[in-house]
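Beneath this line is the structure, given in structure tokens, with notes to follow.
The values are calculated or read from the model by the stated rules, or taken from the named source; none is laboratory data. None of the values given here were measured: they were computed from a predicted structure. Cβ placement follows ideal geometry from the backbone for every residue including glycine, while neighbour counts extend to all protein chains displayed. The area values use the complete protein model at the heavy-atom level, side chains included, leaving out ligands, DNA and RNA. Shrake-Rupley method; radii C 1.70, N 1.55, O 1.52, S 1.80 Å.
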Amino acid sequence: MAEPLKLQATGASPGIASGQVYLAERSALVSMPVAPGASGPGTLADAVETAIAALQHLADRVDGESRDIIDFQIEVLRDPTIAEMTEKRVSAGEHTVFAWVAAIDAHIAELEDADEEEVRARAVDILDIKNRVLGNLSGTPVEDFPAGSIFVGKDIEPSRFLGHDWSRGGGIVLFGGSASGHVALLARAKFIPMVVGCGRFDVATDSQVRIDGDAGTVFLDTQAEGISSAPARGQSRTDAAAINHGKLQTSDGVPILLSINVNDPWEIASIDAATAAGIGLLRSEFAVRSLADTANEDKQFQIYRRALEWAGGKPVTIRMLDIGGDKPLAGLEDDSGAMGMRGIRLLLARPEIARVQVRALLRAAPFGNLRVLLPMVTFPSEIDDMRRIFAEETGLLLRRKIAHRLPQIGMMVEVPAAALMLDTFDNAEFFSFGTNDLAQYLAASARDGSDLSAYRDKAAPAVVRLITQAMTLAAGKPVSICGDMAGDPSALPALLAAGLRHFSVAPAQRPAIGSALVGLNADGTRAAGD
Ligand code: PEP
Ligand code: MG
């Protein structure tokens, strides 16, 4: 039998996988119907029609009073004035989803201001249909590929990764890509073997391939027989550290907190909350994956509430949407393509998106210990501007008599200018270091390109020096680290020496990082006899 062809590339997520190739010839993003004036299958018009059909179906099976409510809801969905108002906003350049949400919200506000109690009560019925339509819109935005196969392609979108069924194994091989990219960190968190930077190679769909995410190798044209599928690294690891709700001690007795990073909020259901000090980073952009989701306050509220309830009173740090740049959101390409238009800048430029998320966060806050983290902050004024939105939306919820609470608001320290000026951020209540972006911007490299992999290790001393300096400017406020460097055992001595005492890592890395931390002294030196 001929030897399989071996390609040497870069391991981005450990473990071994074998299976049939799924060759992604082109990007499979099914365009979301959110561009101004979009029409065709899956458009807002379709979502409204689907909602009407579901309501009619419901109406056939309920009593007279419920039927009245449903008839009223259908009437509103068919209301030509709402359609006209939406059309007007779309013509002015607004995205269809937000134009429609604004028209519906205006109608809700009118009803809420009515003198008659009976009319005011109808506002809730409209809120219900708004959520129904938004739910229909956010359907499946990407094509899936067969479970258990090895995805081979130029790149893979985070939403495609998250929407895929990985329960039957499988893996990822990218012609380009980077071990620092967002899909790589999703893959590591889920124990999915991944190899990047292979360059273009010829391979047929359905041929057999084997990948080794530790060694960064790909074997082509292997036979199904005789190829063992070793368990992903990390799954077999045991907790060497005596972890009690993520509270550890260094070898010389200094308390340390170990929290987890959450990318897919559904994954926490299978994680024992007692193993972590809380959620140190919930990347909301991986939970809120479409423009329709960004407009869906109720869906977001449920996601945040679930995370808070899971943590049972321990801190849950939810980062506001870090979209733009290398995390584009379908339908917002024109904005996110702009250099530097990412994270808090994009949220402030698109307040309609920020306001929905702020309301969902304010409403979720009473269900636990919420901390809101602002992404890609560069200047203190950005935090002031976001705090103003929190204050205004608090006022709105108060007027609507909806339960809410103002959470603590802190910032990612992931832009070098902010790290250097940390003492000027009086308006941030806590800080979390994002070493992935710090490394990217310090090394002047693209995050998802293969160049960052090459430069990241070389840039690590610069990142550590910047963090060490920033720690002295943090004015005694709570500080943690949630970037990938926290999950690298070889970086821990320097991070401890810099004064960090709270680490947040992918669930898969938690046992190894716990073990490493208890074997070190707080100054980063190795414990005697270790
Ligand atoms: C970081 O930049 O280190 C970080 C945690 O944010 P993200 O990886 O989501 O950009
Ligand atoms: Mg970042």
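Over the stretch 296-374, what is the relative contact order in percent, taking alpha-carbon pairs closer than 8 angstrom and at least six residues apart?
Numbers: 102 pairs, mean separation 38.8, N = 79.
Once divided by the residue count of the stretch 296-374, the mean separation gives 49 percent.
Where both residues lie in the stretch 247-518, what percent of DSSP beta bridges are antiparallel, nearest 5?
15 percent
What whole-number value in Å² describes the accessible area per residue of the chain for a 1.4 Å probe? Please report the intermediate quantities before stating the final value.
On the way: 22280 Å² over 530 residues.
On a per-residue basis, 42 Å².
Long-range amide H contacts for Val173: which residues qualify at under 5 Å (H placed 1.01 Å from N, peptide plane, sequence gap of 5 or more or a different chain)?
It is Phe151, Val152, Gly153, Val195, by chain and number.
Rank-order 318-330, 83-95 by packing density, defined as the average count of other C-beta atoms within 10 Å over each peptide's residues, highest first.
Most protected by this proxy first, the peptides run 318-330, 83-95.
Quickly estimate the mean residue ellipticity at 222 nm for the chain, helices only: each DSSP H run with n ≥ 4 gives -39500 (n - 2.57), and the total goes over all residues, rounded to 500.
So the calculated ellipticity at 222 nm is -12000 deg cm²/dmol.
Can you pull the three principal axis extents for the Cα set of the stretch 400-440, in Å, largest first?
Extents along the principal axes: 44, 21, 13 Å.
May I ask you to list the residues of the stretch 93-127 whose amide nitrogen lies under 16 Å from a point 7 Å from Cα along the Cα→beta-carbon direction of Ala54?
125-127, by backbone N distance to the label point.
Please list 347-357, 272-282 highest first by mean number of surrounding beta-carbon atoms within 10 Å per residue.
By packing density, highest mean first, the sequence is 272-282, 347-357.
Across all directions of projection, what mean area in square nanometres is found for the Cα convex hull of the stretch 44-138? Don't skip to the answer; put the middle values down first.
Details: hull surface 24.3 nm².
For the stretch 44-138, averaging the hull's shadow over all directions gives 6.1 nm².
For the chain, how big is Rg over Rh, using alpha carbon atoms and the Kirkwood form of Rh?
Here Rg/Rh amounts to 0.99.
Using a 1.4 angstrom probe on the protein heavy atoms only, could you order Phe379, Phe161 from most to least accessible area?
I get Phe379, Phe161, largest accessible area first.
Each label point is 7 Å from the Cα along the Cα-to-Cβ direction; what then is the distance between the points at Arg61 and Ala528, in nm?
It is 7.2 nm.
Quick one: work out the % antiparallel among DSSP beta bridges in the chain, nearest 5.
40 percent
Of the accessible area of the stretch 44-138, with the probe set at 1.4 angstrom, what percent is carbon plus sulfur?
Here it works out to 50 percent.
Once whole DSSP H runs in the chain are found, which of them have Cα atoms spread over 18 Å or more along the helix axis and a mean Kyte-Doolittle score of at least -1.0?
Qualifying helices: 44-59, 64-77, 96-112, 117-137, 351-364, 380-399, 450-471.
Which percent of the accessible area of the stretch 247-518 is formed by carbon and sulfur heavy atoms (probe 1.4 angstrom)? All intermediate terms of the calculation are to be shown ahead of the outcome.
Working: 5440 of 9580 Å².
Within the stretch 247-518, the accessible surface is 57 percent carbon and sulfur.
Using Cα-Cα distances under 8 Å and only pairs 6 or more residues apart, what relative contact order does the chain have, in percent?
16 percent
Check cross-link reach from Lys6 to the lysines: straight Cα distance under 23 Å, and skip same-chain residues fewer than eight apart.
Cross-link targets: Lys154.
What translational diffusion coefficient, in µm²/s and rounded to a whole number, does the Stokes-Einstein relation yield for the stretch 319-415 at 10 °C and a viscosity of 1.306 mPa s, taking the hydrodynamic radius as the Kirkwood radius over Cα pairs?
115 µm²/s
How big is the Cα convex hull of the stretch 375-461 in projection, averaged over all directions, in nm²?
7.0 nm²
Beyond a 24 Å Cα-Cα separation, which of these cross-linked pairs lie in this structure: Lys130/Lys327; Lys130/Lys190; Lys247/Lys477; Lys247/Lys458?
Flagged as over cut-off: Lys130/Lys327; Lys130/Lys190; Lys247/Lys458.
Mind ordering 494-500, 454-460 by average Cβ neighbours within 10 Å, highest first?
Packing proxy ranking, top to bottom: 494-500, 454-460.
Let me see the P(r) profile for the stretch 247-518: every Cα-Cα distance counted, bins of 5 Å, each bin given as a percent of all pairs.
Bin by bin from 0 Å, the calculated values are 1, 6, 13, 17, 20, 18, 14, 8, 3, 1, 0.
Could you work out the equivalent-ellipsoid semi-axes for the stretch 254-344, taking the square root of 5 times each eigenvalue of the Cα gyration tensor, largest first, in whole Å?
Those come to 28, 16, 9 Å.
So what is the relative contact order for the stretch 433-526, in percent, with contacts set as C-alpha pairs under 8 Å and at least six apart?
Normalised by residue count, the contact order of the stretch 433-526 is 27 percent.
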